[in-house]
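Student: One structure, pasted below without further comment.
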Amino acid sequence: MTEWSEPDERGIRTQVLYLRPKRRISGERLRLASLAAELNHVVLDESLRSLLKDILERFRNDWRWDRVLAVAGHQRVEIAHLLLSTLLEAGYIKLVERRDARGWQPIRVIPIAARELRALAGIQERDGLLAELTKAREYEGRTALTHKLQTQLDTGRLDVRLRRARLIPHLDRWLENGRSGTRRDFALFATGHTKGIEDADWRWLETNGVLEPSGIVEHVPLLLVGGTFAISDGQQCMLDVSIAHGPIGLPASAIIHAAKVTTPTAWIILENRTVFDKACALRPNVGLLWVPGYAPTWWLDAVGTLLDRAPTHAVIACDPDPAGIEIVARVIGLWEDRGLAWSVAGMDAFALDQLPSRTPLSPWDKETLTRLGKLPSQLDALRQALLTANSKGEQEGYFNEARLSALVGGTL
């Protein structure tokens, strides 16, 4: 081991740890900023800060350089080298290098200012995170979807919980503004960047079933349809939905540009995807529509155009719960605005009583039932049944094969 060298033009001192005299290409050395005891505070741009954060979240002590490159991936190799140089010159790290045929190469990074590195990456300490998470959780969700998400913030890493809690008010605004779009659209709306939401957070939103009901899709939104009807354009090209014997996804543009739609005997609208798929397999003589949760604006626009081409009455079947009532209250406007009849199925006291299992109403459920105000008689009857039973359920438990066949056959 040699003495420390004088600082080079970058202010870096070097100490040779060992050399093998008989081998021209060998040895290890340690490198350190000459003013390491006095950190030269730097400001990292978003790409450097993001990579540093990824590194700190994966390594507790020293960083093996090959693993750092693995974290960076091939797209961020240059960023990794720039970050290494920046941190070394600023005095945040020591660097161990080994000489090979390519020259001196990094093999290990030794953090010497762990707390400062975390601050540089934008990672808060526990007390600060707890304070910010507590403040973020003071926000009260204004929709059933955001209320559901708030119940999923009790466990996990503090920084992840804080990040997700901060998404919730933006999702409320997205819903209240009747917006719809791709994941990149929502990320831009919520964070200011099209890639501003972590993959893990997208999975969290998807697992909790809030993306499609919020009109947030990965690509172009598709209207899921089934049953027996056909659409054709002005050039006599026709799509017969019944040929699929199952669900078909239609882009909204296919409906908007349709010159003609054959009118089914009724439109049956289902909330539960499993029930919808089973109904499509029955090859019914009706038109089937799946409503993705809270009927996003794009869905309402597409179905409204469909009704203009093929006006007929609707039978709507959603979960017998407060959210189901809210969905129906939003959807029926399409039929009422056009002077068309509608009714509900599986959404009354009898259906609630027939469910194999039910869940007690939460305080939020009761608040939702009150907030809905004046409702059409069929929906108000379900509201009273829910309050009387103090419980709710899912339509999948009610629509067995016989009831589903009766629904799509027009005898329920």
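The values are calculated or read from the model by the stated rules, or taken from the named source; none is laboratory data. Note that the structure is a prediction, hence the values are computed from the model and not measured. With ideal geometry, Cβ positions are generated from the backbone for all residues, glycine too; neighbour counts draw on all protein chains shown.
Student: If you check 385, 389, which single one turns out to be over 27 Å from residue 313 (Cα atoms), in contact with a helix residue (DSSP H, G or I) (Cβ under 8 Å, 6 or more places away or on another chain) and not assigned by TED's automatic domain parsing to the domain that holds residue 144?
Tutor: Being over 27 Å from residue 313 (Cα atoms), in contact with a helix residue (DSSP H, G or I) (Cβ under 8 Å, 6 or more places away or on another chain) and not assigned by TED's automatic domain parsing to the domain that holds residue 144 holds for just one of 385, 389, which is 389.
Student: Consider residue 174 carefully, then state whether it is more than 25 Å from residue 368 (Cα to Cα) and crowded, with 16+ Cβ neighbours inside 10 Å.
Tutor: no
Student: From the list 392, 366, 374, which one is among the basic types (Lys, Arg) and either over 27 Å from the mean Cα position of the chain (by Cα) or closer than 19 Å to residue 269 by Cβ (or both)? Spell out how you get there, then give the answer.
Tutor: Working: 392 fails: either over 27 Å from the mean Cα position of the chain (by Cα) or closer than 19 Å to residue 269 by Cβ (or both); 366 fails: either over 27 Å from the mean Cα position of the chain (by Cα) or closer than 19 Å to residue 269 by Cβ (or both).
Result: 374 is the single residue among 392, 366, 374 that is among the basic types (Lys, Arg) and either over 27 Å from the mean Cα position of the chain (by Cα) or closer than 19 Å to residue 269 by Cβ (or both).
Student: I'd like the residue in the stretch 195-212 that is outside any helix (DSSP H, G or I) and under 8 Å from the mean Cα position of the chain (by Cα) and, out of all such residues, is surrounded by the most Cβ atoms within 10 Å (Cβ to Cβ). Let's see the steps before the verdict.
Tutor: From the stretch 195-212, those outside any helix (DSSP H, G or I) are 195-198, 208-211; that's our starting set.
With the extra rule that they be under 8 Å from the mean Cα position of the chain (by Cα), the set shrinks to 210-211.
Numbers: 210: 22, 211: 20.
Filtering first and then ranking leaves 210.
Student: What is the one condition in (1) on the phi > 0 side of the Ramachandran plot; (2) in a strand (DSSP E or B) that residue 225 does not satisfy?
Tutor: Answer for residue 225: the failing condition is (1).
Student: Sticking with this structure for a sec: Answer with yes or no whether residue 367 is modelled with pLDDT under 90 and among the acidic types (Asp, Glu).
Tutor: Numbers: modelled with pLDDT under 90: yes; among the acidic types (Asp, Glu): yes.
Yes: the conditions hold for residue 367.
Student: Would you check if there is a residue in the stretch 83-99 being under 33 Å from the mean Cα position of the chain (by Cα), assigned by TED's automatic domain parsing to the domain that holds residue 17 and among the basic types (Lys, Arg)?
Tutor: The answer is no, given that none of the residues of the stretch 83-99 is under 33 Å from the mean Cα position of the chain (by Cα), assigned by TED's automatic domain parsing to the domain that holds residue 17 and among the basic types (Lys, Arg).
Student: Of all the residues that make up the stretch 266-290, how many are assigned to a loop (DSSP other than H, G, I, E, B) and either closer than 22 Å to residue 378 by Cα or at pLDDT 95 or above (or both)?
Tutor: If we filter the stretch 266-290 for residues that are assigned to a loop (DSSP other than H, G, I, E, B), which is where we start, we get 266, 271-272, 282-286.
Now restrict to residues that are either closer than 22 Å to residue 378 by Cα or at pLDDT 95 or above (or both): 266, 271-272.
So the answer is 3.
Student: Report yes if residue 264 is closer than 20 Å to residue 406 by Cβ, surrounded by fewer than 21 Cβ atoms within 10 Å (Cβ to Cβ) and not small (Gly, Ala, Ser), otherwise no. Break it down into steps so the answer makes sense when it comes.
Tutor: On the way: closer than 20 Å to residue 406 by Cβ: yes; surrounded by fewer than 21 Cβ atoms within 10 Å (Cβ to Cβ): yes; not small (Gly, Ala, Ser): yes.
So residue 264 fits the description; yes.
Student: Next question, about the same structure. List every residue pair whose Cβ atoms lie under 8 Å apart, where the two residues are 6 or more positions apart in sequence or sit on different chains, the first residue falls within the stretch 50-73 and is touching a residue at least 60 places away in the same chain (Cβ under 8 Å) and assigned by TED's automatic domain parsing to the domain that holds residue 112, and the second residue, located anywhere, is of a type outside the set (D, E, K, R) and exposed (fewer than 15 other Cβ atoms within 10 Å of the Cβ).
Tutor: Listed pairs, sorted by first residue: 53/122.
Student: Being of a type in the set (Gly, Ala, Ser) and buried (at least 17 other Cβ atoms within 10 Å of the Cβ) is the requirement here; does residue 121 meet it?
Tutor: Taking the combined requirement at face value, the residue satisfies it.
Student: Considering each of 249, 226, 234 in turn, give the residue that is within 30 Å of residue 170 (Cα to Cα), not assigned by TED's automatic domain parsing to the domain that holds residue 203 and not aliphatic (A, V, I, L, M).
Tutor: Going through 249, 226, 234 in turn, the sole match is 249.
Student: Right, another one. Can you pull out every residue in the stretch 46-93 that is assigned to a strand (DSSP E or B) and under 20 Å from residue 8 (Cβ atoms)?
Tutor: The answer is 93, and nothing else.
Student: Hey, can you tell me all the residues within the stretch 150-188 that are without any contact (Cβ under 8 Å) to a residue 24 or more places away in the chain and outside any helix (DSSP H, G or I)?
Tutor: Result: 151, 153, 154, 155, 156, 157, 177.
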